[in-house]
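In what follows, a single structure is set out as structure tokens and then discussed.
The values are calculated or read from the model by the stated rules, or taken from the named source; none is laboratory data. Given the structure is predicted, the values throughout are model-derived calculations rather than measurements. Note that we place each Cβ from the backbone using ideal geometry, even for glycine, and neighbour counts take in every protein chain shown. Calculation scope for accessible area: heavy atoms of the full protein, side chains included, ligands and nucleic acids excluded. Shrake-Rupley method; radii C 1.70, N 1.55, O 1.52, S 1.80 Å.
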Number of protein chains: 2
Amino acid sequence: MNEYALLHRMDSEYCYPSSESDLTIRLRCAKGDLAEVWLCYESKYVIGTSQKKVPMKKVFSGELFDYFSVTLHETDTRLAYVFYLYDGKDYRFYSEEGLSETYDYTLGFYNFFQYPYINPADVIRDVPWMHEARFYQIFVDRFAMGDRKKDTSYIHLKSGEIPNPKSFAGGDLKGITEKLDYIASLGINALYLTPVFRSVSNHKYDISDYYRIDEQFGTSEDLKELVDACHAKGMHILLDAVFNHCSEDMPQFRDVKEKGKASKFYDWFVINGDRPDPEKLNYEVFAFCDYMPKLNTSNPEVADFLTGVATHYIREYGIDGWRLDVSDEVSHEFWRTFRKAVKAEKADAVIIGENWHNASNYLRGDQYDSIMNYSFTKCCLDFFARKTLNADRTAQRLNDLLARNNNVVNDLMLNLLDSHDTHRFFSEVGENPDTFRNALYLLYFFPGVPCIFYGTELAIPGGYDPDCRRCMDWDEAEKIEATDLFQDLQRLTEIRKTHNFRTENVRIYGENDLLVVEYEEGEDTISLVINNTDEEKTCPYGRVKGNDRLVSICKGARA
Amino acid sequence: MNEYALLHRMDSEYCYPSSESDLTIRLRCAKGDLAEVWLCYESKYVIGTSQKKVPMKKVFSGELFDYFSVTLHETDTRLAYVFYLYDGKDYRFYSEEGLSETYDYTLGFYNFFQYPYINPADVIRDVPWMHEARFYQIFVDRFAMGDRKKDTSYIHLKSGEIPNPKSFAGGDLKGITEKLDYIASLGINALYLTPVFRSVSNHKYDISDYYRIDEQFGTSEDLKELVDACHAKGMHILLDAVFNHCSEDMPQFRDVKEKGKASKFYDWFVINGDRPDPEKLNYEVFAFCDYMPKLNTSNPEVADFLTGVATHYIREYGIDGWRLDVSDEVSHEFWRTFRKAVKAEKADAVIIGENWHNASNYLRGDQYDSIMNYSFTKCCLDFFARKTLNADRTAQRLNDLLARNNNVVNDLMLNLLDSHDTHRFFSEVGENPDTFRNALYLLYFFPGVPCIFYGTELAIPGGYDPDCRRCMDWDEAEKIEATDLFQDLQRLTEIRKTHNFRTENVRIYGENDLLVVEYEEGEDTISLVINNTDEEKTCPYGRVKGNDRLVSICKGARA
């Protein structure tokens, strides 16, 4: 028995409540090491008198580790537990003190594992509408211009041109509203817009007025109209909360620049000295951008201001949640305050962080609901683009990713192939349409919520920022219904609509160089088989040509 | 290289800020596996251009694992890092994606480890006075009677008698005030009292009025007098916050019993039905005690009420913090609210939870400062009482305990051999005075804060509750200065006063059946060597007789 590999952490993704009576418990062990795992548990106040022993199921199989899991449904949730392990040779107990041949329950209160009580406030809450969502990310300036009366003198970038960091293409909110039918035709029912508030840049991640829609993008009426139009079509819409930093043009920062320490906004920022000096960069900023001063969210006034912004757009415009820019550089403390305010305003508003790494400490029910799943992106790049992972190892990596978080969160993860902050995935796979389509299928089949970047449906290419932010090609979009990608999106949408892809039902594995994603639905199985090689391969689901894929729906148990 | 054993979790005890510029990073590996470990790090915004490579030091050596650590002091705290490992044969990088022979920093933003930014709100804060503290836990009813005018008709237990669950001995607050000189003579400078609020029981863990001192224990003036007298002597004093549950006699619960769902306090409790029925036990309680209804701390009214109690005793009486009863069954959410209120009232008030297990999720700077360290207790029991662990394995277990938490917390842990909830340690070691003294030395030498249960200094025996709660023997106490234990406490107090025992300087190991606890202080070393066997043993510090101990202060480096 490989004791080094065993891992269980109480009150973590290894032990979490998903309702007032449901507690899921996981154990990690070395891959292939354990043949059977049981959970021995009972109320901690009758320890040693009434253990139940339930088998745990192997749910994920990663690169080095297997993960076993069981979900308990108990009314007395004050649970003490130990694991009972069998490796084909020996039986062992596993408690807070490690492995032992026997376990003395009479001393158990010192070393059992426990979940002491499910408090409603600590339950990891779901956002049910997210399970039905298929997202489309729009970089507003590059999508569509709807306001034909506006001053267009700032616009210099035309469709088909390569953007530079200062390009403006004229996209606006009205343009999005006009294109909602087109977007819906792709099977999309949720939007996430990059920032729309007043800012001098094209990306608007440097905001000078959080209460004003940038005039290039339109008016507050335009936003209201867009949100209402979305809702009328059954679409949800998220805005981008840039709360880590603002623009040097924000009046509060200008006040500090003018008055220094005498400004009542001095503590809104993090300044080393009497007043901010862009030359010396004596204040904290995003990256090294002197025009993006960091907001001091540890200052309660700033926290109040920002949560005020967050609730304002929910209350006054009815938006359905927020994507949080650079959220990993803002404090846990702030996100807890933010969550309380947002959820009080709209209980099913969704909160999606931008954390590129394991963010399990932000995803414990008290901060975000979800993150942009860039670790999934990376895995897709390694498999489809760089081909540094074969099907087997990709399956393992994807299993390890699912083991990072609890299943409530897994089912809410915003999965993406690319965004405004990466190369276009189509370019990453050398513009190979078959590989690109394979990736799109995986995106839609992976547990969580798929999100495509505008233009994905047209296989728009592009390198790193700003090249990934080219204009939407509306001439091509006119002809989209004739494309394979459109057919794929129709099919994938139909599949997502008629099946309920949940982490608790998924099995992801490699078989004969094929990547298989398989969901059990009662007796039935729906599966995706991806061939990422150039040669035809065979698996029990059938033959799959090189760089092709197969979706199979088996009624009844698999042969 | 044993990859199964490698463990690093971002934003946990493996990576935590202890100030706005100090970040400690740890890595776990298989015991003896790695010869050298380096941390390669830099600002995440210049990734791949400016890595610093610093060696990490092996700080803990547990049963299966070694733990390496380094503390960084940086002004730019937006840190990306990977580990570089050498096992005597191979060099490997270790990132979020596991081991690799090479590491591509240009793709690092997808898979480096990171601490994205030290926000002041997320720093794990110290409680400096705790480092000087030597605690004494008093079970009030059994300690000393000071009020000679009170109605004594409720008192039936006399000194020397064995208590039963309904015994009353008459101890009160005035009694403690009168005995402060005695307590101080033991080297004690901090008190923790079991509950003192109105309650019908002797232990008063079932409180009916949180704003009244129980009349058996005295008046609010008596509490004020006690707190002032403590402070005048440079002592700190903590009270016991029983916030998980109350008494059936609490007016709010009586109201619900009377009016059922019509009561405005119905949601203060967790009731399944129209009204609480002790026969059916259709409401949640502590353990299975129908007279101890659980408080619904998820109800903001209840949370407000309880934080009001907590701040009241700090503001009006000046107490120095709270010990939290059954704190693991109360929500994280509540403790976060509680902490904010308490720290706002008194920044250096200490918050000590009663969690018998790994409580690292409560000890991340946002909830408690510390817990009662019952895992330390268990280790002492296994070594000194049950002798199921030898010196080597005890040292390993103690190292593993230190690896559970960050060092800010380790240095604040309330270490104890016994309490009102355990057997007396003196009885656990078969009343062997030498073994008992050895354990006392370990208690005072272990990183954190020692806490002795009243009567420890007299080696009072006792089994489980209520036997562990016998009366203080004041006749014996008169003669205490002639005892070995008194001399030990003098010596240990002097040692704690003149040395600064911090986790970052400790080394705990077994050598030739001896348990060694060693602190480096610049060039000097202070060490405790414990012989828990019956035979004389030798180590570089000298010979130690069976069941004896040796304290050694070496000036200059150890030979």
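The residues A:ASP513, A:ASP255, sorted by heavy-atom accessible surface at 1.4 Å with ligands and nucleic acids left out, run A:ASP513, A:ASP255 from largest to smallest. Counting heavy atoms of the protein chains alone, B:GLU63 has an accessible area of about 60 Å² for a 1.4 Å probe. Going from the isolated chain to the complete set of protein chains, the stretch B:369-393 loses at least 50 Å² of heavy-atom accessible area (1.4 Å probe) at B:LYS378. Comparing each chain alone with all protein chains together (probe 1.4 Å, DNA, RNA and ligands left out), the residues of the stretch B:1-46 losing at least 50 Å² of accessible area are B:TYR4, B:ARG9, B:ASP11, B:TYR45.
Pairwise Cα separations in the stretch A:264-356 fall into 5 Å bins from 0 onward with the following percentages, short to long: 3, 13, 21, 21, 18, 12, 8, 4, 1.
FRET efficiency for the pair A:TYR509 and B:ASN282, taken as 1/(1 + (r/R0)^6) with r the Cβ-Cβ distance and R0 = 35 Å, rounds to 0.15.
Under a model in which nothing but the beta-carbon of Lys, Arg (+1) and Asp, Glu (-1) is charged, the protein assembly as shown shows a dipole of about 0 debye around its Cα centre. Solvent exposure of the stretch A:227-346, expressed per residue, is 38 Å² of accessible area, with all protein chains present and a 1.4 angstrom probe. Report summary: the helix-based calculation at 222 nm, which adds -39500 (n - 2.57) for every DSSP H run with n ≥ 4 and divides by the residues of chain B, gives -7000 deg cm²/dmol. Here A:LYS261 yields copy-to-copy label distances, from shortest upward, of 6.2 nm, the label point defined as 7 Å from Cα along Cα to C-beta.
For the stretch A:21-177, the per residue solvent-accessible surface stands at 40 Å², with DNA, RNA and ligands left out and a 1.4 Å probe. Comparing each chain alone with all protein chains together (probe 1.4 Å, DNA, RNA and ligands left out), the residues of the stretch A:67-111 losing at least 20 Å² of accessible area are A:ARG78, A:GLU96, A:GLU97, A:LEU107, A:PHE109, A:TYR110. Plainly put, the tip 7 Å out from Cα toward Cβ on B:ASP104 is 5.4 nm from that tip on each other copy, the closest given first. One residue of chain A places its C-beta nearer than any other to the axis carrying A onto B; that residue and its whole-Å distance are A:TYR4, 2. Taking the 1.4 Å solvent-accessible surface of the protein assembly as shown as the whole, the part contributed by carbon and sulfur is 46%. Going by a ≥ b ≥ c, the root eigenvalues of the Cα gyration tensor, does chain B fall in the rounded group (a/c under 1.5), the prolate group (a/b larger than b/c) or the oblate group? Oblate is the answer for chain B, as a/c is 1.5 or above yet b/c matches or exceeds a/b.
Note on the stretch A:380-454 and the stretch A:65-121: Cα centroid distance 35 Å, given to the nearest whole angstrom.
Looking at the stretch B:474-523, the GluC sites (Glu not before Pro) that sit in a DSSP loop and have at most 15 other Cβ atoms within 10 Å of their own Cβ are B:GLU523. When +1 charges are put on Lys and Arg Cβ atoms and -1 charges on Asp and Glu Cβ atoms, the dipole computed for the stretch B:45-98 relative to its Cα centre reaches about 240 debye. Summed over both chains, the area buried between B and A is near 5900 Å², taken from the accessible surface of protein heavy atoms with a 1.4 Å probe.
Peptide A:118-130 has a mean of 3 when you count, residue by residue, the C-beta atoms of other protein chains within 10 Å of its C-beta.
Taking the charge dipole of the stretch A:293-398 about its Cα centre, with +1 at Lys and Arg Cβ atoms and -1 at Asp and Glu Cβ atoms, the residue from A:ALA359, A:ALA395, A:HIS312 reaching farthest to the positive side is A:ALA395. In a reduced charge model with +1 at each Lys and Arg Cβ and -1 at each Asp and Glu Cβ, chain B shows a dipole moment near 280 debye about its Cα centre. May I ask for the angle, rounded to the nearest 10°, between helix A:220-232 and the longest principal axis of chain A, with both axes built from Cα atoms and the value confined to 0 to 90°? With both axes taken from Cα atoms, the answer is about 40 degrees. Solvent-accessible surface of the stretch B:445-558, taken per residue with a 1.4 Å probe and all protein chains present: 43 Å².
Checking every one of the trypsin sites (Lys or Arg not before Pro) in the stretch B:350-402 against DSSP loop status and a limit of 15 other Cβ atoms within 10 Å picks out B:ARG386, B:LYS387. Applying the Karplus relation 6.51 cos²θ - 1.76 cosθ + 1.60 with θ = phi - 60° to the stretch A:187-200 yields 3J(HN,Hα) values of x, 7, 9, 7, 10, 10, 9, 5, x, 10, 8, 3, 6, 7 Hz, where x marks Gly and Pro. For the stretch B:281-416, dividing the convex hull volume of the Cα atoms by the residue count gives 135 Å³ per residue.
The 3J(HN,Hα) values that the Karplus relation (6.51, -1.76, 1.60; θ = phi - 60°) gives for the stretch B:64-79 are, in residue order, 10, 10, 9, 10, 9, 8, 8, 10, 9, 10, 10, 8, 8, 9, 8, 9 Hz. Gly and Pro appear as x. The other copies place their B:ALA232 label points at 7.9 nm from this one, listed shortest first, where each point is 7 Å from Cα along Cα→Cβ. Kirkwood radius, the stretch A:443-545, all distinct C-alpha pairs, inverse of mean reciprocal distance: 16.0 Å.
Every Cα-Cα pair in the stretch B:113-200 was counted, and those over 20 Å apart are 53% of them.
Of the trypsin sites (Lys or Arg not before Pro) in the stretch A:407-502, the ones in a loop by DSSP (not H, G, I, E or B) with at most 14 other beta carbons within 10 Å are A:LYS479. Taking 25 °C and 0.890 mPa s as conditions, the protein assembly as shown diffuses translationally at an estimated 77 µm²/s according to Stokes-Einstein applied to its Kirkwood radius (Cα pairs). Only protein heavy atoms count here; under a 1.4 Å probe, B:SER18 has an accessible surface of about 50 Å². Label the stretch A:63-105 by shape, choosing from rounded, prolate and oblate, from the square roots a ≥ b ≥ c of the eigenvalues of the Cα gyration tensor; if a/c is under 1.5 it is rounded, and otherwise prolate applies when a/b is larger than b/c, oblate when it is not. Taking the square roots of the gyration eigenvalues as a ≥ b ≥ c, the stretch A:63-105 is oblate.
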